[in-house]
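Below: the structure, in structure tokens.
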Amino acid sequence: MKELVASDVEAYAEAHSMPESDARRRLREETYRSVELPQMVVGPLEGAFLKMMAMLVEAKHVLEIGTFTGYSALCFAEALPEGGTVITCDIDAETTELAKRYWAQSPVGGKIESRLGPALETMHTLEGGFDLIFIDADKMNYLNYYQRGLELLSPKGVMLIDNVLWSGEVLKHPAQDGVTAVLQDLNRVVIADPRVAAVLVTIRDGVFVVRFRNEGMQEAAMDE
Ligand SMILES: C[S@@+](CC[C@H](N)C(=O)[O-])C[C@H]1O[C@@H](n2cnc3c(N)ncnc32)[C@H](O)[C@@H]1O
């Protein structure tokens, strides 16, 4: 992933944001020591942003698409009140096992529930009412995750979609590869969708922040 924000700016922002918990720091270090593509972890600055989003919407129930080694799930769990839950989906049993080991060492890890299997299938087994949905898995399914996500999102909830700048590749026309083309499509669909208000935030690799324009729009999402 290409750095879109200068590293000294990123470091300054990180130093002036909520600190990373010990549990998350240990998990991130272990991921960088022992797992391929460790840069998939959102890291401390985006992690603080995710946690802040959960705090702002006073989230009780979070759905995450893309667990990896469990770092972002921990960010959400740290923001939830007693009784809050994070359901997190992944297809990789090995990285999910590592995630579970670290969740077990965290005081908030008990709030996290893992669902192993293709995320879209899992999403179809779930009922709505999620206050926050974070999409961070296989990009080819992003449009499907977005559409199903809107059906599962609570009226005042927020959906966060990661990597929508794709190292800046989305600026190139025509798209140089299939994933970029899907992300360009998604970005067009989201911003033209009359049901939602959205802002594409240039944090790390780009995060779309999406919510319903008004509460009636959630029913419109169910009718589609
Ligand atoms: C970018 S990583 C998630 C990083 C994680 N959110 C974090 O910050 O620690 C993407 C994950 O999506 C998972 N994934 C890929 N295809 C999937 C699918 N069809 N269903 C569920 N998970 C999938 C991968 O196994 C990988 O662990």
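The values are calculated or read from the model by the stated rules, or taken from the named source; none is laboratory data. In this text, all values refer to a predicted model and were calculated from it rather than measured experimentally. Virtual Cβ from ideal backbone geometry, glycine too; neighbours counted across all protein chains shown.
Structure above, values below:
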item: Residue selected from the range 85-97 under the condition surrounded by fewer than 19 Cβ atoms within 10 Å (Cβ to Cβ) and of a type outside the set (Val, Ile, Thr), by the criterion nearest to the ligand (Cβ to nearest atom); result: ASP92
item: Qualifying residue in the range 20-34 (condition: touching a residue at least 24 places away in the same chain (Cβ under 8 Å), surrounded by fewer than 20 Cβ atoms within 10 Å (Cβ to Cβ), away from the ligand (no atom under 12 Å from the Cβ) and not in a helix (DSSP H, G or I)); result: yes
item: Residue list for the range 131-141, restricted to those being within 21 Å of GLY70 (Cβ to Cβ) and assigned to a helix (DSSP H, G or I); result: LYS139, ASN141
item: Pairs with Cβ under 8 Å, 6+ apart, first in the range 167-181 and within 12 Å of LYS2 (Cβ to Cβ), second surrounded by 10 or more Cβ atoms within 10 Å (Cβ to Cβ) and among the charged types (D, E, K, R); result: SER167/ASP205; GLU169/ASP177
item: Some residue of the range 65-73 being surrounded by fewer than 23 Cβ atoms within 10 Å (Cβ to Cβ) and within 16 Å of the ligand (Cβ to nearest atom); result: yes
item: Residues (hydrophobic (A, V, I, L, M, F, W, C), buried (at least 16 other Cβ atoms within 10 Å of the Cβ), at pLDDT 95 or above and out of contact with any Phe, Trp or Tyr (no Cβ under 9 Å at 6 or more places or on another chain)) located in the range 166-180; result: TRP166, VAL170
item: Every residue from the range 38-64 that is of a type outside the set (D, E, K, R) and within 8 Å of the ligand (Cβ to nearest atom); result: MET40, VAL41, VAL42, GLY43, GLY47
item: Set LEU160, LEU153: member being within 17 Å of HIS61 (Cβ to Cβ) and within 15 Å of the ligand (Cβ to nearest atom); result: LEU160
item: Some residue of the range 119-132 being more than 26 Å from VAL210 (Cβ to Cβ), buried (at least 18 other Cβ atoms within 10 Å of the Cβ), within 15 Å of the ligand (Cβ to nearest atom) and of a type in the set (A, V, I, L, M); result: no
item: Hey, VAL190 in contact (Cβ under 8 Å) with a residue 40 or more places away in the chain, more than 30 Å from SER7 (Cα to Cα) and not aromatic (Phe, Trp, Tyr) or not; result: no
item: Flag if GLU82 is away from the ligand (no atom under 12 Å from the Cβ) and modelled with pLDDT of 95 or more; result: yes
item: Top-ranked residue of the range 167-200 - restricted to ones that are of a type outside the set (Gly, Ala, Ser) and in contact with an Asp or Glu (Cβ under 7 Å, 6 or more places away or on another chain), ranked as nearest to LEU56 (Cα to Cα); result: THR180
